[in-house]
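Report on one structure; see the data block that follows.
The values are calculated or read from the model by the stated rules, or taken from the named source; none is laboratory data. Predicted model, so just to flag it, every value in this text is computed and none were measured. Cβ atoms come from the backbone with ideal geometry, glycine included; neighbour counts cover every protein chain shown. The area values use the complete protein model at the heavy-atom level, side chains included, leaving out ligands, DNA and RNA. Shrake-Rupley method; radii C 1.70, N 1.55, O 1.52, S 1.80 Å.
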Amino acid sequence: MPELKLPFFGHGGDYNPDQWRDRPDILEEDIRLMKLAGCNLMSVGIFAWSALEPEEGRFDFDWLEDVLDRFAENGISAFLATPSGARPAWMSERYPEVLRVREDGQRNLHGGRHNHCFTSPVYREFVRRINAALAGRFGHHPAVVGWHVSNEYGGACHCELCQEAFRAFLKETYGSLDALNRAWWTGFWSKTYTDWRQLHSPSRFGEATLHGLNLSWKRFVTHQTVDFMRAEVAPLRAVAPNLPVTTNLMTLYDGLDPFRFASVVDFASYDSYPRWGADDASEAALAAMNYDIMRCILHRPFALMESTPSQVNWQDVCKLKKPGMHLLSSLHAVAHGADTVQYFQWRKSRGAPEKFHGAVVDHVGHEHTRTFRDVAEVGRTLPKLAGMLGAPTPARAALVFDWENRWALEDSQGPRREKHYEDTVLEHYRALRRCGVDVDVIEEGADLSGYALVAAPMLYMVKPGVAEALESFVRGGGTFVATCHTGCVDRDDLCFLGGFPGPLRRLLGVWIEETDALYDGETNGIRAEDGQTYACSTLCDLIHAETARVTGTYAADFYAGTPAVTVNAFGAGRAHYIATRPGLDFLTAFYRRRLAEAGVEPLCADLPDGVEVSSRASASGRYLFAMNFSGKPARIRLPVGTDMLTGEAAGGDTALGVNGVAVIRVDAAT
Ligand code: GLA
Ligand code: ZN
């Protein structure tokens, strides 16, 4: 498989020359401005289908060729998009089957974007044709360095074609109706299926209460989307096997399991839109966790495919970036493994819904704007970091964020409606980062070799082989951390019999007899190993320490004094259980000890909240990023090295201003 191997840090954004074909002066001016902003990589043609195929079978690619030629002449590269994210009206009109059907069985009207059936052979054929034509014409164009396939795949279709594909997927998964009925526990409420034809996607207007069905449907939607993407990619690879492909994924998007895209993309890419300007420390942690997920899809650098150079247009309140935030937030992605910094969008459109979305070039049309200067600053900075292109992140701590676990957990009823899975994982992430270490964010079942510590908060669903892998990880000396509501169901969402945490009982050395739910705002406390009492919330497992040793107890309620935190010695390692949901202060103190025990050295000790340090490493050295999202000036102690932004000696006692960032290169020898 080809990889994204750019000779430079990519810098640029979504570019829509198709909207400006009657303004050659503007297209010409764009090139001047791109060079001025230090932009070298544009994504073109993303929603350009009606310009590329104005009527069925008649392709008009000349305008695109002009753009790509001009790029090549000016040293600008392009990710060439396939246009499947939205399609021309003539297609929906003549072939209504390309349109999506809702869960109430009604077919959508033409409009919007992402409004296509991902099964329809007609739609797939139209996509194949235009992709083959684009590849034929531009697959070897000197400006094109990769494929931007579709745009933010998402949503689902409930048409008859999709129902048939779903049934085939279920047959493949379960083999027989008997097996499916057993796995889904369909004896409940008389739900037993007696014919495959009775199976239908979950719907608020029909069956939406069967967890096995809901979970299978979510798996199917990812499967079918990946299958659709594979079909999109085939004609591209046939012509240009060396061009890497990607598709841009969204922030913690619940509808698709991002890790399943590993089988079809050559590099991951991501659209990042934090809400800066309110609680930047939390937003930075969320953005960072997402970047780490993207990096871990293939364990390779990824592309920051979209970010805004100023504000978006779709948040309830669309704040501007404050001074310094643009450089900081751009380098934040690079710190976590991005080899590009790209924007939505290069130039503001004149009309339609995104006309007020931030862009490098505003309606005013010239470069004398704060945003343009911010972008140009990134354009001047990235070349200084070229030494770290392609450099991986050597994380020794890993955090599990698993989509299927999330789906099952969120669909389950009781002990409370909101389980706060994402928030919980993010709290653990943030605590680990506060300890000053790099973190990989991986799916359940991922390879654990190379890690010293693995945490899997709320691992409600334990899939086949996972307990065994975790046991062997800990037996070999690893540290494992689990939390409340763990080990409840198997891959099919059937409860483990014989006591929770099911297959993890031996490793954790505890039995969870009951789980109490706390009201919103209600807390209990943990009397912890360091003698302090920390608040905890949401869920409290009432556990028996079987082979585990108790390291913390509940502070209140009828279970006061019973175990809240335990550790089980297992082989050469240890497995910890936190039976509830503590806050950041407990978790930071907890992980600081666990990392020290596991021998994981922090990149920087005693980080103030909101200051993040992360790293990339190549054979010749380590690149440390120190980033201040705390909203106030900060001082930290960094290893001594060279400041890559100024070329001067740096490190030691380091001051970071508000929104300040330092990038320090520490040579391998030091
Ligand atoms: C998404 C889409 C873009 C654009 C931006 C706006 O990320 O991919 O086409 O709509 O949002 O923020
Ligand atoms: Zn469909």
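Details
- Residue under evaluation ASN248, criteria (1) under 21 Å from LEU389 (Cα atoms); (2) within 16 Å of ligand 2 (Cβ to nearest atom), criterion not met: (2)
- In this structure, PHE220 qualifies as of a type in the set (A, V, I, L, M, F, W, C), open to solvent by less than 30 Å² (accessible area, probe 1.4 Å) and within 22 Å of ASP411 (Cβ to Cβ).
- Pairing each residue of the range 165-184 that is open to solvent by 30 Å² or more (accessible area, probe 1.4 Å) with any residue that is within 16 Å of ligand 2 (Cβ to nearest atom), provided the two are 6+ apart or on different chains, yields C-beta distances under 7 Å for PHE169/PHE220; PHE169/HIS223.
- In the range 296-320, of all residues being within 14 Å of ligand 1 (Cβ to nearest atom) and in contact with a helix residue (DSSP H, G or I) (Cβ under 8 Å, 6 or more places away or on another chain), the one that is farthest from ILE26 (Cα to Cα) corresponds to LEU304.
- Taking the range 138-239 and the helices (runs of 4 or more DSSP H) fully enclosed by it, the elements with 1 or more residues that are within 16 Å of ligand 1 (Cβ to nearest atom) and among the hydroxyl-bearing types (Ser, Thr, Tyr) are at 211-239.
- Counted residues, the range 546-572 - those being open to solvent by 30 Å² or more (accessible area, probe 1.4 Å) and closer than 21 Å to TYR591 by Cβ: 5
- Any hit, the range 591-609, residues being closer than 30 Å to CYS488 by Cβ, among the β-branched types (Val, Ile, Thr) and either part of a loop (DSSP other than H, G, I, E, B) or open to solvent by 40 Å² or more (accessible area, probe 1.4 Å) (or both): yes
- Evaluation of MET289 against the conditions (1) within 24 Å of GLY660 (Cβ to Cβ); (2) out of contact with any strand residue (DSSP E or B) (no Cβ under 7 Å at 6 or more places or on another chain); (3) more than 16 Å from ligand 1 (Cβ to nearest atom) shows that the sole unmet condition is (2).
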